[in-house]
Amino acid sequence: MKIGVLALQGAFAEHEKVLEQLGAECIELRQDRDLSEPYDALVLPGGESTVQGKLLKELGMFDTIKSQIQNGMPVLATCAGAILLAETIDGQIKGQPEQYFGTIPMCIRRNAYGRQLGSFHTEAQVAGIGTVPMTFIRAPYIASVGDGVEVLAVVEERIVGVKHKNQMAFSFHPELDPDVRIHKAFLKMI
Amino acid sequence: MTAANERYKLNKELAQMLKGGVIMDVTTPEQAHIAEEAGACAVMALERIPADIRAAGGVSRMSDPKMIRGIQEAVSIPVMAKCRIGHFVEAQVLEAIEIDYIDESEVLSPADDVYHINKRSFKVPFVCGAKDLGEALRRINEGASMIRTKGEPGTGDIVQAVRHMRKMNSEIQKLTSMREDELFEAAKVLQVPYDLVQYVHDNGRLPVVNFAAGGVATPADAALMMQLGAEGVFVGSGIFKSGNPAKRAASIVKAVTNYTDAKLIAELSADLGEAMVGINEQEIALLMAERGK
């Protein structure tokens, strides 16, 4: 089982550590030629979505990854990764793109909990998994979802986890806590 | 976990999100916008970039909060700002305006020649400069949740950042290869607490994210620091003191992502216009890296 981990910027190494612990092999995707390596699933890690979104386009990776997602490749997206998947992004600053991959019909709000002082840690239910630790770092939340999107997790009335067909997206960082059940559930999608 | 420990963990984790990225010095909302467009993962808001501080001389202080607010409104990426070494009231002010990271920085004139800020008493995270492992661990003990090399800011000369990164790495390797019973003496020599020494011994790395800073002027400089083990790069004067800031900034960002791909770095290094005018370390009167040990 080979997982392609988007390694343009952010906390990709943390995902790799968890996935390798679960017996998966990871390859880092840093430019277009990395995308011709075969892999079974995709991780879009946390980091800065503006940086990742820009580099995806400028390093010639955007179209290939978008079609991989549309063709059903399993995806796990956390924080910035979830922003990349959202159909609409709320709270954009002038000049920022309206959407990136846009493959989940949902509206996500960037920096929804404010600046770093608003970052927090909690525990809550994820559907089908149970109570998991959740670390939110300058996190977004999902303001609304469209048809066919299953809500997986809600914290204080805000949606923080969804599943849409082959894609799972969370606004927190399962890769930062020792609980590996979300990554396990992701590997089961392959 | 206590509330303070949980906050410290969250602050270290924000630094983890910045890894593989470039943090750029900006002095206006317009520059912040250019930096974000070019792919900066955070910006450092300051009144004058280090090269200008160096040229102007005199006392340099924390920036005007109004200017910092303007930058916070201009971008969605994290905004950092500098306070003087030991100036805990400047740090309180920056915390009050909800800055994402405070840099207790040797680039500004030190406010205290003995004590650094007790960073444990703050909720906002701090990054501090270090030129060797002892300095890095002392800053971490004081509560810093991210470290950067000091380098020599405002020079466009990479030699000191390289020296600091190599020194830190070789000291880390030395600790890693020590017997357990030698660590007590190592803690004494490094002038740091034993538990931090033990962490480095067990994990072969600092307990926080470590960036390169001070003198980065080209995509190749940035890639050099990444190959030497930096987890990301600060670029200060190198961008807005150069001929084509937007293009140079974007090229440095891509060089940091693909820091081992020489062919790509060759492309990225072409036609960047004029680099910032460099000053050699022998030509400068003021060594900022010697501030705050």
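Coordinate-derived values only; no laboratory data. Note that the structure is predicted; figures quoted are calculated from it, not measured. When we count neighbours, we look across all protein chains shown, and the Cβ atoms used for this are built from the backbone with ideal geometry, even at glycine.
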Practice task
Would you mind pulling out the separation of the Cα centroids of segment B:64-136 and segment A:73-137, in Å?
Solution key: 28
Practice task
Give me the net charge of B:PHE234's neighbourhood, meaning all other residues with Cβ under 9 Å from the Cβ of B:PHE234; Lys, Arg count +1, Asp, Glu -1.
Solution key: -1
Completion exercise
With label points set 7 Å from each Cα along the Cα-to-Cβ direction at B:GLU95 and B:VAL59, the distance between them in nm comes to 2.3
Fill in the blank from the handout: Computed for the protein assembly as shown: size of charge dipole around the Cα centre, +1 on C-beta of each Lys and Arg, -1 on C-beta of each Asp and Glu, debye to nearest 20, value 200
Problem - Ordering of B:26-33, B:2-9 by burial proxy (mean other Cβ atoms within 10 Å per residue, highest first) - result: B:26-33, B:2-9
Fill in the blank from the handout: Inter-chain shielding metric for A:109-117, i.e. average beta-carbon neighbours from other chains within 10 angstrom, reads 4
Handout entry: Ordering of A:105-113, B:39-47 by burial proxy (mean other Cβ atoms within 10 Å per residue, highest first)
Key = B:39-47, A:105-113
Practice task
Estimate the FRET efficiency between B:ALA262 and B:THR176 by the formula 1/(1 + (r/R0)^6), using the beta-carbon distance for r and 30 Å for R0, to the nearest 0.05.
Solution key: 0.55
Completion exercise
If unit charges are put on Cβ atoms (+1 for Lys and Arg, -1 for Asp and Glu) and the dipole of chain B is taken about its Cα centre, the option from B:GLY143, B:PHE240, B:THR155 lying farthest towards the positive end turns out to be B:GLY143
Exercise for the section: Starting from the Cα of A:LYS2, step 7 Å along the direction of its Cβ; do the same at B:GLU283; then give the gap between the two resulting points in nm. Expected result: 5.0
Fill in the blank from the handout: At the level of C-alpha centres, the distance separating segment B:147-185 and segment B:266-292, in angstrom, is 20
Handout entry: Isotropic mean projected area of the C-alpha convex hull, chain A (nm²)
Key = 9.6
Exercise for the section: Under 20 Å from a label point 7 Å along Cα→Cβ of A:ALA127: give me every residue in segment A:156-186 with its amide N that close. Expected result: A:156-174, A:181-186
Handout entry: Cα centre as origin, Lys/Arg/Asp/Glu Cβ charges: segment A:2-188 dipole, Debye
Key = 280
Practice task
With θ set to phi - 60°, apply the Karplus curve 6.51 cos²θ - 1.76 cosθ + 1.60 along segment A:76-88 and write out the HN-Hα couplings as whole Hz, x wherever there is a Gly or Pro.
Solution key: 10, 10, 10, 6, 4, x, 5, 5, 4, 8, 5, 5, 10
Practice task
For segment A:58-71, take each phi angle, set θ = phi - 60°, evaluate the Karplus expression 6.51 cos²θ - 1.76 cosθ + 1.60, and give the result in whole Hz per residue in order, putting x for glycine and proline.
Solution key: 6, 9, x, 10, 4, 5, 4, 5, 4, 6, 4, 5, 5, 8
Practice task
Using 0.36 nm per residue of separation minus the Cα-Cα distance, give me the extension gain between B:PHE184 and B:SER121 in nm, one decimal.
Solution key: 19.9 nm
Practice task
Report, by chain and number, residues whose modeled amide H sits under 5 Å from the one on B:THR149, excluding near sequence neighbours (fewer than 5 apart, same chain).
Solution key: B:ALA130, B:PHE211, B:ALA212, B:ALA213
Handout entry: Net lengthening on full extension, B:ASP202/B:GLN227 (0.36 nm per residue, minus Cα-Cα)
Key = 6.7 nm
Completion exercise
For segment B:16-137, one quarter of the surface area of the C-alpha convex hull, expressed in nm², comes to 7.9
Fill in the blank from the handout: In Å, the Kirkwood hydrodynamic radius from C-alpha pairs for the protein assembly as shown sits at 22.6
Practice task
Within a 10 angstrom radius of each residue's Cβ in A:171-179, how many Cβ atoms of other chains show up on average? Whole number is fine.
Solution key: 1
Fill in the blank from the handout: Ranking A:ALA185, A:LEU76, A:THR88 by how far each Cα lies towards the positive end of the charge dipole of segment A:2-188 (+1 on Lys and Arg Cβ, -1 on Asp and Glu Cβ), the top one is A:THR88
Exercise for the section: Evaluate peptide A:8-15: per residue, the Cβ atoms of other protein chains within 10 Å of its Cβ; return the mean as an integer. Expected result: 6
Handout entry: Dipole-positive endmost among B:MET168, B:ASN258, A:ILE65 within the protein assembly as shown (Cβ charges, Cα centre)
Key = B:MET168
